[in-house]
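Notes follow the structure.
Every number in this text was worked out from the coordinates using simple rules, so none of it is lab data. Note that the structure is a prediction, hence the values are computed from the model and not measured. Every residue, glycine among them, receives a Cβ derived from its backbone with ideal geometry; neighbour counts consider all protein chains shown.
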Amino acid sequence: MRAGLAAALVGLLVLGSPAEAKKFKYAAGPKPGIDTTFTSTEAVISPIVRPRGPKVPATNLQLVSLVANTAFSRALQSAPLDTGAHVVLAPAESHPLNFVVEHAVLRELSRRGVTATVRRTILADDSLAAYSPDGDPLLEYQLATARVSYLRLVGWLPFSGRVKIERQALVEGALTIRDSRSANVLWSAGVSYNLLDAFQADRVSLVEDGRYADLKSPVPTRNVGKVFEPVIVVAVVAGLAALFFQNRP
């Protein structure tokens, strides 16, 4: 009887006490999944690097650009342009490779600390002041020649893969600085430079660009007589030497 009353009293106490919510804090736990519905892809290009990779020759455009950089850099050395000056750069005539000269001139002007406003069309003489309202001088470039010529084949073993084509890259032109108000010529210099190199004969398709006719050239040929001429000379010399030693007493 007493045990039943004690149990009833404990039950009343439990039911009568107010409920308390417990809070739990987790230092770490599972992270929610990432929604990939609108995820964009990214292309990753990994270059192939080998200790002994294939030898790829410079393209004809790269070779002409190298020659133009040297040619116009040398020509601008005597130009009366101080650091901090500003010029208007424009072509004196149209040429498909004017962009090569523009890059070469801007490269040298940047090195000297000279700023430039670039124009890609020929400026009319009667409106030079409109292109330079502050009276800055006009720097005009002329590209007379920019071409690559294949001169000859180097090597006489046609099936060994060692035959090379000797090529010449040539750039010729002129630079002129004029007063934008009076159009008077303040300075002028000629531009000329060339470079020779050789590349493997089976790499012609890699160096040429069909968009520029001046950067293509007929591949030189060699007739059969010239190919076997060294072999014939060696054979004749060897035969004469053998006869000489056989006829000795």
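Taking 7 Å steps out from each Cα toward its Cβ at Arg162 and Val234 produces label points 1.0 nm apart. Can you tell me the FRET efficiency between Ala129 and Trp187 if r is taken as the Cβ-Cβ distance and R0 is 22 Å, rounded to the nearest 0.05? Between Ala129 and Trp187 the formula returns 0.70. Take the Cβ-Cβ distance between Glu93 and Ile45 as r, set R0 to 41 Å, and report the resulting FRET efficiency rounded to the nearest 0.05. Calculated value: 0.55.
Computed from backbone phi with θ = phi - 60° and the Karplus coefficients 6.51, -1.76 and 1.60, the 3J(HN,Hα) list for the stretch 214-219 is 6, 9, 10, 8, x, 6 Hz; x is used for glycine and proline. List the residues whose amide H sits under 5 Å from the amide H of Ala116, counting only those 5 or more places along or on another chain, with H placed 1.01 Å from N in the peptide plane. Under 5 Å from the amide H of Ala116 lie the amide H atoms of Val87, each far enough along the sequence or on another chain. Taking each residue as 0.36 nm, the span from Ser205 to Asp179 lengthens on full extension beyond its C-alpha to C-alpha distance by 4.8 nm.
What ratio of Cα Rg to 2.2 N^0.38 Å holds for the stretch 60-236? Before the final figure, lay out the partial values.
Values: Rg = 21.6 Å, N = 177, 2.2 N^0.38 = 15.7 Å.
Ratio of Rg to 2.2 N^0.38 Å for the stretch 60-236: 1.37.
Computing FRET efficiency as 1/(1 + (r/R0)^6) for Ala198 and Ser78, where r is the C-beta to C-beta distance and R0 is 30 Å, gives about 0.35.
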